[in-house]
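The values are calculated or read from the model by the stated rules, or taken from the named source; none is laboratory data. Note that the coordinates shown come from a computational prediction; the quantities given were computed from them, not determined experimentally. Cβ: placed from backbone, ideal geometry, glycine included. Neighbour counts: every protein chain shown. Just the protein is used for accessible areas: all its heavy atoms, side chains included, with ligands, DNA and RNA removed. Shrake-Rupley method; radii C 1.70, N 1.55, O 1.52, S 1.80 Å.
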Amino acid sequence: MKIVDRYLIHEYLRNLLFITLSFLALFLIIDFFEKIRMFLSNHATFGQIGSYFLFMMPMIVSQILPAAVLVASLVTCGTLSRHSEITAMKANGISLYRIALPILTIAALTSLAIFFLSEWVTPLTNERAERIRLVEVQKYPSMGSFKQDQIWYRGKKGIYNFRLFDARTGTLQGITIHYLDRQMNLVMRLDAERGEWKEGRWLFHNVLITRFDNGEFPVLSRMKQQVADLPERPSDFQLIQKDVEAMGYFELKRYIRKLQSEGYDATRYVVDLHGKMAFPLVSILLAVIGVSFSLRSERSGGIAQGIGAGLVIGFSYWLVYAFGMSLGRSGALPPFIAAWFANMLFAVASLVLVRRVKT
């Protein structure tokens, strides 16, 4: 079995590497032509373009690996079946479950690699890639940052601090604005529960204003609503809002705890948190489906059929996964069910296919 295992591992890894590189090249080519107009209009250098796509590669790899695992499983087992190698192994008393063990082991290791890649590598590389695109290429000023699970922004009126910014609705939560004079002295502080962009201006709710006049005792005033004189638009804050893809699992978990402890609705972030666990594990399910699908009959299989089936199954998973996540973010489904819905559905499909395989 050691010889057989080494042979299967070699064949599978060779296919997995080739398919991963092919998917990566295809993804980069499509992304390049989508962004080439932006790069050219901003006179980006070859170094900036190359650096941007280099830092985007870890995220792309983590996204395409499950599909690559599926197609590699289909191609490897399909080719073995077509060349009667599976029949020869079965004739020597080796069950299909034992034959599939090396492939499933590699799929499990791939799931771990995707999780660790998304946890420690892609947050840093995504942030660097976005800085190249926005600051170095498009010349947006770097006026804010996402630190200590909060948004800090150096605006024209002073220094702004937000607990949460919803880019979809253009609303702010947990607002604190420090108004400074030219000598950087604090002259006024504004605290608001939330703010919304309406009719081209910011409308703040539950406002507390603290004025500091000439070193005198601070003067406080409260208002239910207040139109804030801020020159920034929601698109300005969107540049510094840290995307969920740029957070690792544990960083996002800390951010959710902070939001919930302060009374904010973190449902969409909870859904994304569960998704960060559900998505890497799909590699194992797709490997089981790929092996079972390609071994359903002894003489079927092959590269063309494997790639075709892999694309259909992979696209189906992405469709179901995105649908479930959208239902969870909108509150139609509980976060756990929304994130794991596609995995549960494909787990049932893998069990059905396994039972139909002739061992």
*Averaging sequence separations of C-alpha pairs under 8 Å and six or more residues apart, then dividing by the length of the chain, give the relative contact order as a whole percent.*
20
*Note down the accessible area of ILE337, probe 1.4 Å, to the nearest 10 Å².*
70
*Karplus-derived HN-Hα couplings along the stretch 28-35 (A = 6.51, B = -1.76, C = 1.60, θ = phi - 60°), whole Hz, x at Gly and Pro*: 5, 4, 5, 5, 4, 6, 6, 9
_Need one number: nm distance between label points at TYR140 and LEU186, each 7 Å from Cα along Cα→Cβ, rounded to one decimal._
2.9
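At 1.4 Å probe radius, can you tell me the per residue accessible area of the chain in Å²?
Roughly 54 Å² per residue, with all protein chains present.
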*Whole-Hz Karplus ³J(HN,Hα) for the stretch 335-348, in order, using 6.51 cos²θ - 1.76 cosθ + 1.60 and θ = phi - 60°, x for Gly and Pro?*
x, 5, 5, 4, 6, 9, 4, 5, 5, 5, 5, 6, 5, 5
*Using a/c under 1.5 as the rounded threshold, could you call the stretch 91-170 rounded, prolate or oblate? The axes a ≥ b ≥ c are square roots of the C-alpha gyration tensor eigenvalues, and prolate needs a/b larger than b/c, oblate otherwise.*
prolate
*May I ask you to list the lysines whose Cα is less than 21 Å away from that of LYS224, ignoring any residue fewer than eight positions away on the same chain?*
LYS198
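Counting only protein heavy atoms and a 1.4 Å probe, tell me what percentage of the chain's accessible area is made up of carbon and sulfur.
Values: 11910 of 19230 Å².
About 62 percent, which is the carbon plus sulfur part of the accessible surface.
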*In percent, how large is the relative contact order of the stretch 1-103, given Cα pairs closer than 8 Å and 6 or more residues apart?*
48
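Please state the shape class of the stretch 41-89: rounded when a/c is under 1.5, otherwise prolate if a/b exceeds b/c and oblate if not, all from the C-alpha gyration tensor. Please list the in-between numbers first.
On the way: a/c = 5.77, a/b = 4.07, b/c = 1.42.
Since a/c reaches 1.5 and a/b is larger than b/c, the shape of the stretch 41-89 is classed as prolate.
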*Heavy atoms of ASP5 accessible to a 1.4 Å probe, total area in Å² rounded to 10*: 30
*So for the pair LYS224, LEU208, with labels modelled 7 Å out along Cα→Cβ, what separation do we get in nm?*
2.0
*asked:* Heavy atoms of the protein only, probe of 1.4 Å, neighbouring chains included. What is the accessible area of LYS35 in Å², nearest 10?
replied: 40
*Using a cut-off of 17 Å between alpha-carbon atoms, which aspartates and glutamates can reach LYS2, once sequence neighbours fewer than 8 places away in the same chain are excluded?*
GLU11, GLU85
*Of [x] -0.65; [y] -0.54; [z] -0.86, which is the value of log10 I(q)/I(0) by the Debye sum over Cα atoms at q = 0.09 Å⁻¹ derived from the coordinates here?*
[x]
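Can you tell me how much longer the chain between LEU112 and ARG355 gets when fully stretched, taken as 0.36 nm per residue apart minus their C-alpha distance, in nm with one decimal?
Working: separation 243, 0.36 × 243 = 87.48 nm, distance 2.68 nm.
The span from LEU112 to ARG355 would gain 84.8 nm if fully extended.
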*Can you give the angle from 0 to 90° between the axis of helix 249-261 and the longest principal axis of the chain, with both taken from C-alpha atoms, to the nearest 10?*
40
*Mind pulling the angle between the C-alpha long axis of helix 46-82 and the longest principal axis of the chain? Nearest 10 degrees, somewhere in 0 to 90.*
30
*asked:* Could you check the spin-label model distance between LYS90 and ASP243? Points 7 Å from the Cα along Cα→Cβ, value in nm.
replied: 4.6
*Eligible lysines near LYS35 by straight Cα distance, threshold 20 Å, same-chain separation 8 or greater*: LYS139
*Which whole number in µm²/s is D for the stretch 312-359 by Stokes-Einstein, with the Kirkwood Rh taken over Cα pairs at 20 °C and 1.002 mPa s?*
187
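Mean 1/r over all different Cα pairs, inverted: what Kirkwood radius does the stretch 1-109 give, in Å? Mind showing how you got there, number by number?
Details: mean 1/r = 0.0617 Å⁻¹.
Taking the inverse mean of 1/r over all distinct Cα pairs, the stretch 1-109 comes out at 16.2 Å.
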_Which of rounded, prolate or oblate describes the stretch 121-204 when judged by the alpha-carbon gyration tensor and an a/c cut-off of 1.5?_
prolate
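For the stretch 49-104, state which chymotrypsin sites (Phe, Trp or Tyr not before Pro) are in a DSSP loop and have at most 12 other beta carbons lying within 10 Å of their beta carbon. It would help to have the intermediate numbers written out before the result.
Values: sites: TYR52, PHE53, PHE55, TYR97; in loops: none.
When the chymotrypsin sites (Phe, Trp or Tyr not before Pro) of the stretch 49-104 are filtered for loop state and at most 12 Cβ neighbours within 10 Å, nothing remains.
Determine the order of GLU199, GLU34 by accessible area, beginning with the largest, at a probe radius of 1.4 Å. Intermediate values should be presented prior to the final figure.
Details: GLU199 170, GLU34 130 Å².
Ranked from most to least accessible, the order is GLU199, GLU34.
Can you work out the FRET efficiency for the pair ARG6 and SER261, with r the C-beta to C-beta distance and R0 = 41 Å, to the nearest 0.05? Walk me through the numbers on the way to the answer.
Working: r = 52 Å, r/R0 = 1.28.
The computed FRET efficiency comes out at 0.20.
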*How high is the FRET efficiency from GLU34 to VAL312, r the C-beta distance, R0 41 Å, rounded to 0.05?*
0.95
